[in-house]
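Single-structure report; data block below.
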Amino acid sequence: MKKLVSVVLVLLMFLSVMTCAFAENSLANYNDDQLKQLYKMIREEMVSRGIPLAQEVTLREGKFIVGQDILPGSYTLKCTATSGDTYGDLYSSLGDAYSSFDSALGGLMGSLGGMMGDVINAEVEILGNYGTVLKSFEMKAGDSVRITLEEGTALQISEGTCVLTAD
């Protein structure tokens, strides 16, 4: 029985390799349902091996479920922008506008804008069951950290935008 299972698995592997080798010519012959099934099988195999589908993903504020939105694996997470930077630019622009009317108020708004980038940082949390925070990071624009995401967890980003790059 074990030999029969082994032979069947070898044949299936051979067929999958041949399918990949001739995919350029034969994928047009698949109907939509067959193509979706093939994609599902390939995606499941990539997930089981820990191979990411996308090399780089931009993540804005929100919660991302590992295994649904993001594949499990090791990643580098880089903060590209924070709300503090956005607010800082806004206050600095207001400071420039106010300086034509009142230099003291314009200077105050400009200083407040410069301070915002230091005060408000992006918050990144890796969440476990029931929202338990397993790890948390506070990041400024340009900061990066290596993380490992496992199925059944979630990645939550607040006050910023990050790029997730597969290692």
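The table that follows gives values for the structure above.
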read-out: Label-point separation, VAL47 to THR165 (7 Å along Cα→Cβ), nm; value: 2.6 nm
read-out: Derived scalar couplings ³J(HN,Hα) [the range 154-167; Karplus, 6.51 cos²θ - 1.76 cosθ + 1.60; whole Hz; x for Gly, Pro]; value: 9, 10, 10, 10, 10, 6, x, 10, 10, 10, 9, 10, 5, 8
read-out: LYS78 - accessible surface, heavy atoms, 1.4 Å probe, Å² rounded to 10; value: 100 Å²
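The values are calculated or read from the model by the stated rules, or taken from the named source; none is laboratory data. Because the structure is predicted, anything quoted here is derived from the model rather than measured. Virtual Cβ from ideal backbone geometry, glycine too; neighbours counted across all protein chains shown. The protein model used for the area step is the full one, side chains on, heavy atoms only, and it has no ligands, DNA or RNA in it. Shrake-Rupley method; radii C 1.70, N 1.55, O 1.52, S 1.80 Å.
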